[in-house]
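See structure below.
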Ligand SMILES: [Zn+2]
């Protein structure tokens, strides 16, 4: 479910001035000292997420529908080079378009998303007049959804945000065939 290890910085201001003392604690990144000449130590520590001292919580889990995009799955032009003969051509195209999942594994476990397959099956008969050409496009609409969550841990009474998780899922929703 998780990477296992979390790195934290401990700012040790116990022997410092009031501001340093009040900053004493754990942070997910190295902190800027509260003033010049601060010589408080910052120590990096590593925590095992599965340890009983650590509890993990995911907050602000969000799902946002974003713009759809149209992708070309097939594009070709058939030309009739003859100047006198009308040509008939069969055209067949089959393909399955799957959901594209780009989620960090923790987010994948956390959110519900649709895993879909869109089957494209096109079969048509074209009549191409002398000297003419026919262009075929097969266009698939992909619906983009963004997922986000914050990962927090609680450790020794401190609540620390350790990661912003973000990922996306693209679902094929429909296709259309265009002939010119
Ligand atoms: Zn200090």
Among the residues of the range 4-22 satisfying the criterion of being free of Cβ contacts under 8 Å to residues at least 60 places away in the same chain and within 22 Å of residue 55 (Cα to Cα), which is farthest from the ligand (Cβ to nearest atom)?
4
Tell me, please, whether a residue that is buried (at least 16 other Cβ atoms within 10 Å of the Cβ), more than 16 Å from the ligand (Cβ to nearest atom) and not assigned by TED's automatic domain parsing to the domain that holds residue 111 can be found in the range 73-84.
no
Among the residues of the range 143-159, what is the count of those that are more than 16 Å from residue 50 (Cα to Cα) and modelled with pLDDT under 95?
3
Based on what the data block shows, is residue 79 within 20 Å of residue 162 (Cα to Cα) and either without any contact (Cβ under 8 Å) to a residue 12 or more places away in the chain or out of contact with any helix residue (DSSP H, G or I) (no Cβ under 8 Å at 6 or more places or on another chain) (or both)?
no
Within the range 1-18, which residues are surrounded by 13 or more Cβ atoms within 10 Å (Cβ to Cβ) and at pLDDT 90 or above?
6, 8, 9, 10, 11, 12, 13, 16, 17
Pick from the range 38-72 the residues that are touching a strand residue (DSSP E or B) at 6+ places or on another chain (Cβ under 9 Å) and over 30 Å from residue 4 (Cα atoms): which of them is surrounded by the fewest Cβ atoms within 10 Å (Cβ to Cβ)?
67
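The values are calculated or read from the model by the stated rules, or taken from the named source; none is laboratory data. Just so we're clear, the structure is a prediction, and the values are computed from it rather than from any experiment. Backbone-built Cβ (ideal geometry, glycine too); neighbour counts: all protein chains shown.
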